[in-house]
1. Report the dimensions of segment 52-155 along its three principal axes from the alpha-carbon atoms, largest first, rounded to Å.
2. Please go through the residue pairs 52/171; 72/171; 6/72; 6/115; 6/191; 72/194 and name each one whose alpha carbons sit more than 29 Å apart in this structure.
3. What share of Cα pairs, in percent, lie more than 19 angstrom apart in segment 98-233?
4. Would you mind telling me which residue in 16, 69, 180 has the biggest mean-square fluctuation in a Gaussian network model of the chain, where springs connect alpha carbons within a distance under 10 angstrom?
5. Please get the size of the charge dipole for segment 52-110, origin at its Cα centre, with Cβ charges of +1 on Lys and Arg and -1 on Asp and Glu, quoted in debye to the nearest 20.
6. What is the local net charge at residue 226, summed over the other residues whose Cβ is closer than 9 Å to its Cβ (Lys, Arg +1; Asp, Glu -1)?
7. Just grab the label-to-label distance for residue 14 and residue 216, each label 7 Å out from Cα along the Cβ direction, in nm (one decimal).
8. Could you give the size of the charge dipole of segment 1-139 about its Cα centre, using +1 on the Cβ of each K and R and -1 on the Cβ of each D and E, expressed in debye and rounded to the nearest 20?
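Where a number appears in this text, it was derived from the coordinates with a stated rule and is not lab data. All of these numbers come straight from a predicted model, not from anything done at the bench. In this analysis, Cβ positions are derived from the backbone assuming ideal geometry, glycine residues included, and neighbour counts consider all displayed protein chains.
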Amino acid sequence: MLVLDKLTTHYGSSQALFGVDLRLEAGQVATLLGRNGMGKTTTINSIMGIVKPSGGSITFDGQELVGQASFKTANLGLGLVPEGRQIFPNLTMMENLIATASNHLGHPDPWTVEKVFALFPELETRISSMGNLLSGGEQQMLAIGRALMTNPKLLILDEATEGLAPLVRQKIWHALSEIAAQGMSILVVDKNLKDLLRIADRHFVIQRGRVEWQGSSAELEANDEVRQKYLGF
Ligand code: ATP
C-alpha cells in the first residue's frame, strides 16, 4: 500500500533522512520507532508532502507522492493526526470535527459525526465547547476524529498519546484497535511501545535517518539488543 524507497530529505543543507526504506501492506498497523531526532516526524511529513523530499520515492497505492502538493496527498487517502494535535482554538469541537471533512461521494461506508461519537463518546458531550477549552485527551480524540472524517485509507499518527494520562491513552489505543479491526491501515509514531506491541503487526526502527531494523511485535519483544541499542530500554 505504502512504499518508501531510498527516501532522502534535507532541511536546507542539513540532511535528516538518508535513504528510508519501508513497506506497509493494506490492513497493517505499523510503528515508526526510534530515539529523539532520528527522523520519525520528518519521514511522516515527507509522506504527507509537508516537507519536500530531496530524493527517492514514496508510492501510495501505486501513485508517486514525491512532488505532489499535500492537499493532493490527503485526497489520495492519507489522513494525518499531527504532532501537537493542532486543534483550531477558536472553533467549537463540532466545527473542528467537520472543518476538513470530505464527503467522498460514492464511498461505501463514509465516516460521519455519529460514527466518531460512537468511537469517542466523550466528544458528544463537548459539541459546543471551544477547541482551546477541551482537555488534552479530548483534543487528541478530536484530532483523530477529524482525520477520520476525511475518510482516509491510511491513518498516520505522530505522537498521539504524548502527555496524556494512562487511562486516556488506553482509550485512544482501544479506539485505534477498533478501527484497525475494521480494516484501517495505521502508521504510528509513539514512545509508549508497550501498548503498541499489542496493537501493531510491524515495527520499523529509525536510526539517524535510516530504517535500521524491522520486525514483528514478537521479534521486537525478544530482541533485547535492538531495544537497548535503538530504543534505549
Ligand atoms: P522527535 O521524537 O524528537 O520528534 P524525530 O525522530 O521525529 O524526533 P525529526 O523531528 O524528524 O526526528 O528530526 C530529524 C532531524 O532533522 C533532527 O536532526 C532534527 O534536528 C532535524 N530537523 C527536524 N526538523 C527540522 C527543521 N524544521 N529544520 C531543520 N532541521 C530539522
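1. 45, 32, 18
2. 52/171; 72/171; 6/115; 72/194
3. Working: 5071 of 9180 pairs.
I get 55 percent for the Cα pairs in segment 98-233 exceeding 19 Å.
4. Result for the chain, Cα springs under 10 Å: 69 fluctuates most.
5. My answer is approximately 180 debye.
6. Net charge in that neighbourhood comes out at -2.
7. It works out to 4.0 nm between the two label points.
8. 440
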